[in-house]
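Before any comments, here is the structure.
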Amino acid sequence: MRYRLPVFAVVVALTACATDEAYYGPPVPYANVDYDAYYDGYYGPFNGGYWGPGNNFYYWDQGHQHYHHDNGGHFRRNGGPGFHSIRGHAPAAAGRAERARR
């Protein structure tokens, strides 16, 4: 019973490592490329992003100065009611230490 909290902490820490790439920017295969998408404006002004692993979109949050995974489907590859076309360029990939300084 007393081991549940330490195990939970390890699982949370490992999960944070898995999202490290998304937080700081695109990994090499998804970096430095142009992209088209559709956005519904939910997160406010579009400041950039990239299509990443698993066909997921990661958008730049100007206030927090890092990328967030779009969990709500507010960025799409195909349009729909309320969505407008956006065009962007994914940033170049950088080493882990350089991404941490951004």
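The values are calculated or read from the model by the stated rules, or taken from the named source; none is laboratory data. On a predicted model such as this, the values are computed, not experimentally measured, just so you know. All Cβ positions, even for glycine, are placed from backbone atoms using ideal geometry, and neighbour counts span all protein chains on display.
Out of all the residues in region 80-92, which are closer than 20 Å to residue 24 by Cα and assigned to a strand (DSSP E or B)?
Residues satisfying the conditions are 88, 89.
Starting from region 64-79, take each residue that is part of a loop (DSSP other than H, G, I, E, B) and list its partners that are not small (Gly, Ala, Ser), counting only C-beta distances under 6 angstrom and pairs at least six apart or across chains.
Hits for this filter: 70/57; 70/59; 74/40; 74/42; 79/38.
I'd like the full set of residues that are touching a Pro at 6+ places or on another chain (Cβ under 8 Å) and in a loop (DSSP other than H, G, I, E, B), limited to region 42-58.
Here is the first cut: in region 42-58, the residues touching a Pro at 6+ places or on another chain (Cβ under 8 Å) are 48, 50, 52-53, 58.
Passing the criteria: only 48.
Checking the structure you have, find out if any residue of region 27-37 is of a type in the set (Phe, Trp, Tyr), modelled with pLDDT of 65 or more and either assigned to a helix (DSSP H, G or I) or surrounded by 10 or more Cβ atoms within 10 Å (Cβ to Cβ) (or both). Before you say what the answer is, go through the steps one by one.
First pass over region 27-37, keeping only residues of a type in the set (Phe, Trp, Tyr): 30, 35.
Subsequent filtering for residues that are modelled with pLDDT of 65 or more retains 30, 35.
Those left that are additionally either assigned to a helix (DSSP H, G or I) or surrounded by 10 or more Cβ atoms within 10 Å (Cβ to Cβ) (or both): 30, 35.
Scanning region 27-37 turns up at least one residue that is of a type in the set (Phe, Trp, Tyr), modelled with pLDDT of 65 or more and either assigned to a helix (DSSP H, G or I) or surrounded by 10 or more Cβ atoms within 10 Å (Cβ to Cβ) (or both).
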